[in-house]
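Structure, as C-alpha cells:
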Amino acid sequence: MKYNFKKIEKKWQDFWQKYKVFQADFNPSRKKYYCLEMFPYPSGRIHMGHVRNYTIGDVIARYKCMCGFNVLHPMGFDAFGQPAENAAIKNKTHPGIWTNKCIEWMKKELMRMGFSYDWQREISTCKDDYYKWNQWIFLKMFEKGLAYKKASSVNWCPSCETTLANEEVVQGGCWRCNTAVVQKELEQWFLKITQYSEELLVDLKELTQWPPRVIAMQENWIGRSYGVEIYFRLEPNGKIISVFTTRVDTIFGATYIVLAPEHPLVKEIIKNKPQEKQVLAFIEKVSKETKVVRTSEDVKKEGMFTGAYAINPVNQEKIPIWVADYVLMEYGTGAIMAVPTHDQRDFLFAKEHNLAMRIVIQNKESSLELSKMDQAYEGDGIQVNSGQFDGISNTEAKEKIAAWMEEKQIGRKVTHWRLRDWLISRQKYWGTPIPIIYCDKCGILAMPYDELPVKLPKKAEFTGEGGSPLSKVKSFVQVKCHKCKGRARRDTDTMATFIDSSWYFLRFCSPKFKDAPFDKQEVKYWMPVDQYIGGIEHAILHLLYSRFFTKFLRDLGMLSFNEPFQKLLTQGMVLKEGEVMSKSKGNIVDPDEIIKKYGADTLRLFILFAAPPEAELDWNERGMEGAWRFLTRVWRMVIEVKNCKNTTSAGMDSLTKKMHQTIKKVSSDMEGGFKFNTAISSIMELVNEIYQAKERNLGAKEIKEAIETTVKLLAAFTPHISEEMWLVLGHKDSIFKSGWPSYNEEFAKEKTIDLVIQVNSRNRSRIEIPVGISEEEIHKLVLNDERTKQWIKDSPVKKFIIVPNKLVNILI
RNA sequence: GCCGAAGUGGUGGAAUGGCAGACACGCCGGUCUCAAAAACCGGUGUCUUUACGGACAUGUGGGUUCGACUCCCACCUUCGGCACCA
C-alpha cells in the first residue's frame, strides 16, 4: 500500500470538518488553552510566511488538544484595507467583491494545509456585525474623552492619499508604499493612547514570556525620559520660554537658547529687529524640507541669531536666543538650552558660530580645560561654576537643583514621552465609518448606540483621486441631526484598519454575540490568549494597539486582566538563498505547488524540522525531499507491522527504553519552548532504532508499541498521515482523542553508562559501568583500565573528580 | 550613539558548566539489480599517522573553573529597533 498523500489529506480534512473534531465549546469545568495566530489580510494567496506561522500555531493547538486541554484555535480575516480599494480602482469593481473572493481562496488554501481551526468561529472584520463594535468602542472612547478631534500637523502619504499614524511611518516613509511622508495641517480623529503611556511601559515587565526584542522595541517606542522643564524669561518683556532638559545639572553652563523654526515665539521676538528678514527666510527654507532630509545625519546643522535675549533663571545671566533646524518642535517644548561643554551637538554648533562656553561639570580623572576641549564632556563629575551647588557630584546635583528650582518656581520636574496619540482618520472607503455627525447647531455629535452600525454605503466611486470616496456619496453624507432634527452631515473618513485587529481576539470568544463586542463570561473563560504567534513586523503597531484596547476595555469594567497575550512567539522569516521572498525578486515559492507535489504533511514537517520556530528559515527543496523520505519510511514501517498479525513479547528492552526516552524528550521539547526541530529529530532517532529492531524480529510486541508511540508523537506535526496510520494500526477514533503518550521514568533509565575517563581534563579512555555503583567501585574500575593506566603511568593522582553518570577526571 | 538578537563542519542546525557537531541535507562506499532509480546498511570537522593514536577546532583576545559553545570582562562582524530626543 503506497502512501497516497492526496487521498489521505483530503479524507482527513473532510473528517475533521464533518465530525467537528476541533470545535471549541465554552465549558468552564475544563481547563482551557487559547492558541492564536495573527489573522491574515486576505490578499488572495497564502505565502510561505503564512504557512510557517499557521503551522507553528497548529502544532501547538493539536499538541495541547492531545494533552487534554479545551483548545480554542480560531481563524478569521483582517478584511478591511487599502489593497482591496486599489484593486477595485484598477478592476472597476467593488472592494467587497474582491475581498470576498480573496477570503474564499485563502480559506481553501488554509484548509489544504490541514489546520485545526474551529471554522464555526470565523470572523471577517469587513462585515457590519463586526465593525459595528469598532464603532461602539470608538463611541465609548469618545464618551470618556479618549477619542477626540484635533487640528494639527499630521503625517500624509501623497501616494496613498491618506493620513498615517506615527507607527505607520517607517524611516520617514509610508509603511505600505515607502513614499516619503509629508506633514499636512488637518483636523483629524485621535485616540488618546498616551493616557496609558505609563502603564503600557510598566506592564511590559509582566510579559516575561515575550521575546526580549519585542519588549525592547516597545520600550523604545514609548520612550520615557525624566527631566526638568525650565522657565527662561524673555528680555526685556519677561515672557516665559520653557525648555526641556534631562541634564538640569548643566543649567549653569547654558550659554544660549535655541528655538525650533516652527516655535510660536520666534516671529514675535524678531519683530522690528535687524535680523527679522533673514530669520524669516531661514524658517521658510526649513519648512520646505521633508523630515527625512532634515533629520539625516550628513546634513549640517544650520541656524542663526534672532537678535533677542533671555535670562537664565538660576544666575540671571543674559544669553542670546538662536533658531536652528536641529531643534524639533514636536519633541519636548520645541526649545532647548544649549550647554556646549557637555553636549556634543551644542559643542559643534557653538564652535561653528563662535558661541560662549563654560565648564560646569569637572571630570574627576582628568581635569577639563576649555581651551583644550575638542569635544563635549558628557560623563559624570563634580559641579563647578554652579553657585551654591559647587563641589557636589552631578548625579546628586540633578536631584538638588530640580528640587530647588521647583521651590523657587523657576522650573518643574516632568516626565516626557515619545509616544504620541494615535491618529485614526483615513481618507479611504474600505474601512469602518466613523460614527460621528456634524450639526451646524449642535456641533459634533456621537451617533446613538442603537443606531449602530453606521453602514458603509454599497455604492461609491473609486477613482483613486480627490479625498474620501464617502464624501461624494450624498445619501451617506446628508443626515438628520438626531437632536435638533436639522440638517447635519456625517464624518466621511474611515477608521485605521489597525482598530479592527486591536480586539479581534476578544470577538473570537463569542463571535456571534449580539449585545456587546463580546460575551463577558466567555471572554473570562478563554482570555487571555495563552499563546500568540505572528511576525516581528507587528512588534509595535498591532501589539501596542491591542494592549491599549485591552487596558481601555478593562477600565470600562468589561475585562479583568491587564494584558491580552500571555506568551508571544515571533516566528522567523522564510528566506530563499538568504534573501526575503518577494515578488520583485522573483524568488517566491508557492505553497500550493509544494502541497501538490509533496502534500501538506511533508511541507509542515520540513518547515518545523529545518529551523527552530523563532529563527530564520532558508527554503531548500532538498530538505523537502528529506522530510518526504522520512514520512514514507514511517509509512512503510506501519504497513509492514500491520501485516504481521501475531505479535509476542521478544524481550527488546533497549527499544522500549528508547521509546520512553523519546516520549520524555519530545514532551520536554514541547513544554520547554516549542523546540519542534529537536523534537522531530528525536522521533527520527526512534524510527531508526525501530528499523534496526525490525531486522531482528518483526513480530515483536515491543515494535508495535514503539510504532504506535511514534505515530502519536508525530500527530501534531503531520496530522493527516498520522490519522491514517492510526487507523491502519486498528484504532477507530481520531488520534487527537487518544491522549498524549506518557512515559515511565524507570523504563527510560539507562542500565549501564559509557563512562568517559579524562586524564588532566583530556579524554583518554572510556569504560562501560553499571548504573548506581559506589564511588569506590568506580575508582577501582577506572584505575584498572589499561589505557588509563598508560596515561597515568607512575604519576601520583592529585585529584579524582567524579561527575555522576557522565565522566571522571583524574588530575596527575 | 542607545537598546535588542545572533556568530558552531561543505549546508540547515544539536549540545541543565561535563564525550562539540545529535538529527537531517550533500558527498563517498556497500547490498539489491542485467542496469538504473527507489530502498536498506556503513563512512564523512580539519591536520597528522600504514595503523593504534595524536594535535587542532564553536567570531577575536583575556578571565573564572579539574573542565567553557555554555559563566564573567573587553573587542570584532552581521541583522533588527530607536535617534539632530535636548
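Bear in mind these aren't lab numbers, they're just calculated from the coordinates by the rules spelled out. Please read these numbers as outputs of a predicted model, since none were measured by experiment. So basically every Cβ, Gly included, is an ideal-geometry build from the backbone, and we count neighbours across all protein chains shown.
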*asked:* Report the gain in length on full extension from A:E330 to A:E407: 0.36 nm times residue separation, minus Cα-Cα distance, nm rounded to one decimal.
replied: 24.9 nm
*Check each of the chymotrypsin sites (Phe, Trp or Tyr not before Pro) in region A:1-94 and keep only those in coil by DSSP with at most 14 other C-beta atoms within 10 angstrom; list them in order.*
A:Y19
*For A:F561 and A:K472, compute 0.36 nm times the residue count separating them, minus their Cα-Cα distance, and round to one decimal in nm.*
27.7 nm
*Helix A:719-728: angle to the longest alpha-carbon principal axis of chain A, degrees 0 to 90, nearest 10?*
20
*Degrees, to the nearest 10: A:394-408 long Cα axis against longest axis of chain A*: 50
_What do you get for the angle between helix A:48-66 and the principal long axis of chain A? Use alpha-carbon atoms, 0 to 90 degrees, nearest ten._
60
*Once Lys and Arg get +1 and Asp and Glu get -1 on their Cβ, which of A:Y525, A:L559, A:N220 lies farthest toward the positive end of the dipole of chain A?*
A:Y525
*Any idea what the relative contact order of region A:362-508 is, in percent, if you count C-alpha pairs under 8 Å spaced at least 6 apart?*
21
*Measuring from a point 7 Å past the Cα of A:K184 along Cα-to-C-beta, which residues in region A:466-487 have an amide N at less than 11 Å?*
A:466-468
*Take the Cα of A:S795, step 7 Å along the line toward its Cβ, and report every residue of region A:749-766 whose backbone nitrogen sits under 16 Å from that point.*
A:757-765
*Nitroxide proxy distance, nm - points 7 Å out along Cα→Cβ at A:C484 and A:I812*: 10.4
*Taking only pairs that are 8 or more places apart or on different chains, how many Lys pairs in region A:1-90 have Cα atoms under 25 angstrom apart?*
19
*Let me know the shape class of chain A, please: from the alpha-carbon gyration tensor, a ≥ b ≥ c as square roots of the eigenvalues, rounded when a/c is under 1.5, otherwise prolate if a/b is greater than b/c, or oblate.*
oblate
*Have a look at the DSSP beta bridges in chain A and tell me what percent are antiparallel, nearest 5.*
75
*Net charge over other residues, Cβ less than 12 angstrom from the Cβ of A:D601 (K, R count +1; D, E count -1)*: -1
*What are the GluC sites (Glu not before Pro) within region A:515-585 that DSSP puts in a loop, where the Cβ has at most 16 other Cβ atoms within 10 Å?*
A:E577
*Spin-label pair A:K524/A:N763, simplified geometry with 7 Å Cα→Cβ offset, distance in nm*: 6.0
_Compute, for region A:270-379, the length of the dipole vector about the Cα centre, with Cβ point charges of +1 (Lys, Arg) and -1 (Asp, Glu) only. Units Debye, rounded to 20._
400
*Could you count how many Lys pairs in region A:680-812 have their Cα atoms under 19 Å apart, skipping same-chain pairs fewer than 8 positions apart?*
15
*Label point distance in nm, A:E750-A:E451, each placed 7 Å from Cα along Cα→Cβ*: 7.7
*Which of the lysines could be linked to A:K441 by a straight reach, that is with a Cα gap under 25 Å, when you skip same-chain ones fewer than 8 residues away?*
A:K140, A:K144, A:K149, A:K150, A:K455, A:K472, A:K474, A:K480, A:K483, A:K485
_Magnitude of the charge dipole, region A:131-280, Cβ model with Lys/Arg +1 and Asp/Glu -1, debye to 20_ = 320
*Estimate the FRET efficiency between A:E625 and A:K127 by the formula 1/(1 + (r/R0)^6), using the beta-carbon distance for r and 41 Å for R0, to the nearest 0.05.*
0.45
*asked:* Please give the charge dipole size of chain A, origin at the Cα centre, charges +1 on K and R Cβ atoms and -1 on D and E Cβ atoms. Round to the nearest 20 debye.
replied: 2420
_So if I take the centroid of the Cα atoms in region A:691-770 and the same for region A:74-145, what is the distance between those two points in Å?_
45
*asked:* Could you work out how much longer the chain between A:T632 and A:S393 gets when fully extended? Use 0.36 nm per residue separation minus the Cα distance between them, nm to one decimal.
replied: 78.8 nm
